[in-house]
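A quick write-up on the structure given underneath.
The values are calculated or read from the model by the stated rules, or taken from the named source; none is laboratory data. Everything quoted here is computed from the prediction, not taken from an experiment. Cβ placement follows ideal geometry from the backbone for every residue including glycine, while neighbour counts extend to all protein chains displayed.
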Amino acid sequence: MDLRRRLQYSSENWQSVLDAPAVYAAYVPESQSSNSAIALADGSGVILGSLFRSPHRADTNPPRSIRSLARKESEDIVDSRGRLLVRDYWGYYVAALVYPKNSCRLVMRSPVSPLACFQVNLGSSTVFFSHVDDFAALELMPLSINWDCITAQVTGGDFLTGETAIKEITSIECGECVECRSDGRLEHTYWDPRGFLQEKSPEGFSGATLTVRNTTEYCVNAASSPHSHILVTLSGGLDSSIVLSSLSRSPHKPLITAVNYNSRGIGDERRFARSMARTANCRLVERARNQSLDLRRIEECNRTVRPVLNFSAPDTEARNTALARELQASAIFNGELGDNIFGSHPGPGVLVECVRDLGLGRRCLSVAMDYAMLKRQSLWRTLATAHDECRSVAGNPDFNSTREVRRHYGDGRARSLMLASPEAEEHNSKMGDRFIHPWLRQSRLIAPGAHALLFGLITVTSTTYHSPFSSPTDLPQVSPLVSQPLVEAALHIPAYLHCKNGRDRSVARAAFADVLPTEVLQRGLGKGGPTLWAKDVVENNREFLREYLLSGILVRQRLVDRKKLETVLSPRIAKSTVIVGDIFAKLYIEAWLRKWH
């Protein structure tokens with residue numbers, strides 16, 4: 001296999017950055033991106049992507065992305081077999097390190113990174129890549145569908161693991177390292193969030209607020225440092241407002257424009273966005289969501305390693321890119337993962353953590369009262385919930401989303417919410433825990449209140465989060481809250497602190513109380529979103545959806561319940577219990593299958 005020759009004759013502008021015995025690395029430069037290739041000294045390796053120094057090693061204010069490393073820094077990284085990158089640096093990168101003396105090569109993916117790293121084994125060779133179309137274009141081998149993975153995704157299971165929906169392709173997860181040797185391959189884990197969950201911070205509420213404020217601003221400043229003009233998607237909620245506020249006070253003073261997309265009902269958050277834009281002293285562009293969106297655009301989705309679900313991407317992504325280019329902005333920032341980082345809607349697991357950390361005393365009772373106020377339920381019901389949760393944690397130490405949904409709604413109600421067929425559910429149950437991500441194993445026992453944070457982290461660093469309509473040449477979509485320092489800080493914070501005084505995200509509200517408008521700080525549990533817009537879009541595209549899905553692969557493979565689908569896509573849609581989001585999910589899966597089938 002002459003990979004070098006194939007890349008050289010490719011239509012893409014591949015540039016070689018590492019060419020050594022038994023290892024070759026190349027990338028396509030992106031003029032609008034902060035991503036780069038950082039060569040290590042003496043051809044000992046390369047770091048592809050973006051890299052920053054960790055807060056405890058930052059030597060500049062504001063922090064800057066790293067474009068090159070001193071010889072001593074390179075040597076230290078290589079000598080540590082890449083572990084120093086995890087400890088003293090952070091970013092969104094894939095690193096390749098070369099050790100000629102023992103014919104060893106290491107490939108590692110950074111912690112908390114949306115930049116993917118996939119691998120395919122071809123005999124004695126291994127090919128690593130970030131975009132599946134790049135690999136497919138090389139025509140090195142035929143690719144086939146992993147129907148078990150598709151079944152798990154159709155049934156709403158925890159399908160985010162190293163397995164992908166292409167049999168021949170596996171994913172290196174965040175913080176993992178693959179060691180390629182002449183006698184085989186070894187896998188190492190360099191970073192695992194469960195280790196941080198076991199080391200909860202004793203700082204208390206005031207210490208947590210200071211940590212969240214400082215770390216959030218550091219990460220936003222670092223991620224924005226390569227950009228002089230930024231477009232921010234501003235919903236008017238707490239998370240995007242925190243990002244905008246931090247950008248507006250960034251030492252390198254980027255030009256900022258905010259854009260708000262609104263729809264009817266709770267989807268109209270313009271008054272909150274306007275208030276935040278006034279506080280940040282930036283321009284706000286208001287756009288109505290396109291209710292007449294033609295879902296036939298789904299047929300233009302990219303090939304990816306597994307079906308992708310990005311709820312509003314068909315409406316907003318192209319418009320965001322066009323607006324950013326019109327403004328000559330070089331990046332589009334958002335507040336993704338904020339709900340999870342800052343503890344939105346804490347579950348009963350926080351009560352178990354509280355009992356564990358504080359014992360059965362006054363402080364624990366105070367937390368129970370805060371939780372009761374937050375959930376608008378009696379203290380006695382809250383205490384009963386804590387007791388039931390303790391027993392449940394002991395019996396089921398793994399986090400499992402399917403189990404969580406069924407616990408919340410009951411088996412019958414949970415099944416009625418999804419379009420999956422009984423055959424798909426039965427097959428998925430026989431696969432057991434095969435599609436539970438390693439981070440979720442034993443995590444309920446380690447930190448019962450951490451499910452939302454862990455599952456959100458897995459989701460945003462998986463390709464199921466990426467837009468199915470994006471291109472590698474598009475402007476970078478930056479989620480500065482998806483950052484290793486901030487995630488590590490959040491993992492250290494006891495979950496029950498987030499519901500202090502009967503309010504969710506209490507730590508974040510207190511941390512940014514002096515720089516956010518009162519309207520945003522006092523929104524409480526009410527939060528807008530595109531739910532009603534999505535329902536309107538489904539209604540307006542009902543004929544297309546009926547034709548596309550009822551005659552589709554999912555129905556033929558008996559993965560989707562045909563009768564339920566007919567009901568939800570008929571005039572009886574108002575009587576259907578299926579959630580609109582599941583219609584979108586099945587549409588994405590069907591389109592993905594047609595691309596590969």
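How about region 342-405: which helices (runs of 4 or more DSSP H) wholly inside it have at least 2 residues that are outside the structural domain of Arg523 (by TED's automatic domain parsing) and among the acidic types (Asp, Glu)? Before you say what the answer is, go through the steps one by one.
Working: elements: 349-358, 362-375, 379-395.
Hits in region 342-405: 349-358, 379-395.
Report, by residue number, each residue of region 309-339 that is under 30 Å from Ile150 (Cβ atoms) and either at pLDDT 95 or above or out of contact with any helix residue (DSSP H, G or I) (no Cβ under 6 Å at 6 or more places or on another chain) (or both).
Asn310, Phe311, Ser312, Ala313, Asp315, Thr316, Glu317, Ala318, Asn320, Thr321, Asn334, Asp339, listed by residue number.
Residue count for region 297-317 satisfying the condition of being part of a helix (DSSP H, G or I) and surrounded by fewer than 17 Cβ atoms within 10 Å (Cβ to Cβ): 3. Residues in region 373-398 that are crowded, with 17+ Cβ neighbours inside 10 Å and touching a residue at least 60 places away in the same chain (Cβ under 8 Å): Leu374 only.
Residues that are among the aliphatic types (A, V, I, L, M), exposed (fewer than 15 other Cβ atoms within 10 Å of the Cβ) and free of Cβ contacts under 8 Å to residues at least 24 places away in the same chain: does region 37-57 have at least one?
Narrowing region 37-57 to residues among the aliphatic types (A, V, I, L, M): 37-41, 46-48, 51.
Keeping just the survivors that are exposed (fewer than 15 other Cβ atoms within 10 Å of the Cβ) gives none.
Checking region 37-57: not a single residue is among the aliphatic types (A, V, I, L, M), exposed (fewer than 15 other Cβ atoms within 10 Å of the Cβ) and free of Cβ contacts under 8 Å to residues at least 24 places away in the same chain.
Looking across region 1-56, just one residue is within 18 Å of Val86 (Cβ to Cβ) and at pLDDT below 90, and that is His56.
Taking helices (runs of 4 or more DSSP H) as the structural unit, those lying wholly within region 69-172 and holding at least 3 residues that are closer than 23 Å to Ser471 by Cα correspond to 132-137. Screening region 218-236 for residues that are crowded, with 23+ Cβ neighbours inside 10 Å and touching a Lys or Arg at 6+ places or on another chain (Cβ under 8 Å) and picking the one that is farthest from Leu323 (Cα to Cα) gives Ala222.
Could you check, for region 569-576, whether at least one of its residues is of a type in the set (Val, Ile, Thr), buried (at least 21 other Cβ atoms within 10 Å of the Cβ), part of a helix (DSSP H, G or I) and modelled with pLDDT under 90? So far as region 569-576 goes, no, none of its residues is of a type in the set (Val, Ile, Thr), buried (at least 21 other Cβ atoms within 10 Å of the Cβ), part of a helix (DSSP H, G or I) and modelled with pLDDT under 90. Taking region 318-343 as the range and being crowded, with 20+ Cβ neighbours inside 10 Å, under 22 Å from the mean Cα position of the chain (by Cα) and aliphatic (A, V, I, L, M) as the test, the residues that pass are Ala331, Ile332, Leu337, Ile341.
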